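Read the structure below first, then the notes.
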Amino acid sequence: MGWREESIKVSPENLGATIREMLADVQKEVERAVEKAIKAYVDEDLIPELQRRSPRRATGTEHYADGWTSRKEGLYRIVHNSMKPWLTHLLEFGHIDHDTGVLVAKYPHIRAAYEATINKLEARVLAALS
């Protein structure tokens, strides 16, 4: 972050307003830097890890693994599977097969990808703020 060092003349009456303006500017810079670090983390670390850990069929179709993407909603960045969103919970936690009644084994991959990459997010945010 490029912190500016500048001197300004402020009258005692305007000191409070000037400090508020300066703090608002710093807050905006920090928010932009953190938002950029989070987007980089999601796009460069988390989504590739999700794609790598996602289950693949023996037939070679990898539509589920290729479907991971993210979008911004307000202050949040939502990571989701755009191609087969209904499979995420079923694969992560297992389920009962509708036709046979047999318990289908779980394939935990979402939490594992998050846990494998979360330290990178912290490092990216700290680097953006330094």
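Read-outs throughout are calculated quantities, based only on the coordinates presented, and are distinct from any laboratory measurement. For clarity, every value in this text was computed on a predicted model and none was experimentally measured. All Cβ positions, even for glycine, are placed from backbone atoms using ideal geometry, and neighbour counts span all protein chains on display.
Odds and ends about this structure:
- Once the Cβ-Cβ distance of ALA105 and LEU23 is raised to the sixth power relative to R0 = 35 Å, the FRET efficiency obtained is 0.10.
- Across segment 1-111, the mean sequence separation of Cα contacts (distance under 8 Å, 6 or more residues apart), normalised by length, yields a relative contact order of 17 percent.
- Summing +1 for each Lys or Arg and -1 for each Asp or Glu among the other residues whose beta-carbon sits under 12 angstrom from that of TYR41 gives -1.
- For log10 I(q)/I(0) by the Debye sum over Cα atoms at q = 0.16, 0.19, 0.23 Å⁻¹, the value calculated from this model appears in (i) -0.88, -1.08, -1.33; (ii) -0.98, -1.26, -1.47; (iii) -0.82, -1.14, -1.54 under label (i).
- Net +/- balance of residues flanking ARG71 in space, Cβ distance below 15 Å, scoring K and R +1, D and E -1: 0
- Cα-only Debye scattering, segment 46-120: base-10 log of I(q)/I(0) at q = 0.16, 0.18, 0.19 Å⁻¹: -0.63, -0.78, -0.85
- Over the chain, dividing the summed -39,500 (n - 2.57) contributions of all DSSP H runs of at least 4 residues by the number of residues returns a 222 nm mean residue ellipticity of -16000 deg cm²/dmol.
- Between 0 and 90°, nearest 10: helix 15-41 axis offset from the chain longest Cα axis: 20 degrees
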